[in-house]
Amino acid sequence: MTPKPASVARLALFALVAMLQTSAPVAGVPGTKFDESLSAPEAPTNADLKARIREYFDVYARATVTSPSGIVRNQKAFAKWFETDWRVGRGVDTKRDLGDLSEFGITPKDDGSYRVDIANFPQWQPLHEVLLHLLTPEFLASYSANLKERGFRDHDIDVLKTYVETNKPNRAALARNIDLAESYATKVKLQLSKGQKIGIAQFLSYTYQTNRISREAERVWCVGLLDSFDDQRRRILESYVAEIRRSGSRLISPGDMESQAEWLVGVIASGEYRQLIEKQKMETLQ
């Protein structure tokens, strides 16, 4: 299965480079400074984790009662997914026994990772994550052919391709994430000049804020894509996405947060992060 976009972003965490994967900043989009008061949620206790998952499942059920796209159309419900997904990931990062989570489709593996049963628990893969596959040309081609068999007309396929080719979900988030990265780097350099240690909590908060911006951009992109079609074509697209999810699963593996935090501090301290940003910009704009 193609890696889950949100998981890749959470596990890689090379945010200073990865955030620049689409295009130049969009004019008029406000920046976002690193917010020291906006802390990343800590790894929850087992009881708290179960309670939060159960609460999210209830939110998901209410949001999707009439349409599977309800989870992305409801910004607060979508934020609840992101927060819950983040907490599950942090729990896995601790490498401790999370208890029995099978009622939520999460089961442990011998290597410390956890398998998530998306086929029976679509709560863990909101509609937008499948639609993001369309950004890959190979998926766009195969999905287009399958959608045409299900009732998409030539005009609808043109609309789909035009939207995907001219709208990139990270474009709206790019200016905000660049500003966030610059303000975070400034803070880290100041701390280093004073001989202060950069704690893992601060790194996690930076990553949390970056991911939150990116996931919201993806949500908005998904809604825009769905709204490009009439009701019949929208239902076809939603049904097709649901069909794809029924064969899916996901693997959550512990992330080495300490090593990734050290890497980020290192490239900031050396000034290499600016070269990485410029290199990625040039590659993107080619």
Practice problem: Pick out which of LEU49, LEU237, LEU38 has the largest mean-square fluctuation in a Gaussian network model of the chain, springs linking Cα atoms closer than 10 Å. | Solution: LEU38
Quiz item: What list of ³J(HN,Hα) values in whole Hz, one per residue of segment 236-241 in order, does the Karplus curve 6.51 cos²θ - 1.76 cosθ + 1.60 (θ = phi - 60°) give from phi, with Gly and Pro shown as x?
Solution: 4, 5, 5, 5, 5, 4
Practice problem: Treat each spin label as a single point 7 Å out from the Cα along the C-beta direction, and report the SER39 to SER113 distance in nm. | Solution: 3.1
Quiz item: Out of GLY70, GLY89, GLY224, any idea which swings most in a Gaussian network model of the chain, alpha carbons joined below 10 Å?
Solution: GLY224
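Let me have the 222 nm mean residue ellipticity of the chain computed from DSSP H runs of 4+ only, each contributing -39500 (n - 2.57), with the sum over all residues rounded to the nearest 500. Spell out each step's value before the answer.
Numbers: 13 runs with 178 residues, N = 286.
For the chain, the value works out to -20000 deg cm²/dmol.
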Quiz prompt | Spin-label pair GLN275/LEU190, simplified geometry with 7 Å Cα→Cβ offset, distance in nm | solution = 2.7
Practice problem: Report the full-extension gain for the segment GLU55 to SER259: residue separation times 0.36 nm, less the Cα-Cα distance, to one decimal in nm. | Solution: 70.2 nm
Practice problem: Have a look at TYR114, TYR208, TYR163 and tell me which one the Gaussian network model of the chain (Cα, springs below 10 Å) gives the largest fluctuation. | Solution: TYR163
Quiz item: Any idea how far the Cα center of segment 218-273 sits from the one of segment 65-85, in Å?
Solution: 14
Self-check item: 13 Å Cα-Cα reach of LYS80 towards aspartates and glutamates, excluding residues that sit fewer than 8 places from it in its own chain
Solution: GLU55, ASP58, GLU216
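Order these by the 10 Å Cβ neighbour count, fewest first: ASP97, ASP35.
Values: ASP97 10, ASP35 13.
Placing the least packed residue first, the sequence is ASP97, ASP35.
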Exercise. Indicate the gyration tensor shape class of the chain (rounded, prolate or oblate), computed on the Cα atoms with a ≥ b ≥ c the square roots of the eigenvalues: a/c under 1.5 is rounded; otherwise a/b larger than b/c is prolate and the rest oblate.
Key: oblate
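The chain: longest stretch without exposed trypsin sites (Lys or Arg not before Pro) (DSSP loop, at most 14 other Cβ within 10 Å), sites themselves excluded? Could the numbers behind the result be given before it?
Working: sites that count: LYS33, LYS95, ARG96, LYS109, ARG153, LYS194, LYS197, ARG246.
Counting at most 14 other Cβ atoms within 10 Å as exposed, the longest clean stretch of the chain is 34-94.
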Quiz item: Using alpha carbon centroids, what distance separates segment 115-154 and segment 182-207, in Å?
Solution: 39
Quiz item: Under a point spin-label approximation (7 Å from Cα along Cα-to-Cβ), what is the ASN46-SER67 distance to one decimal in nm?
Solution: 4.1
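None of the figures in this text is laboratory data; all of them are computed from the coordinates on show. These numbers were taken from a predicted model, which means no experiment stands behind them. We place every Cβ from the backbone using ideal geometry, glycine too, and count neighbours over all the protein chains shown.
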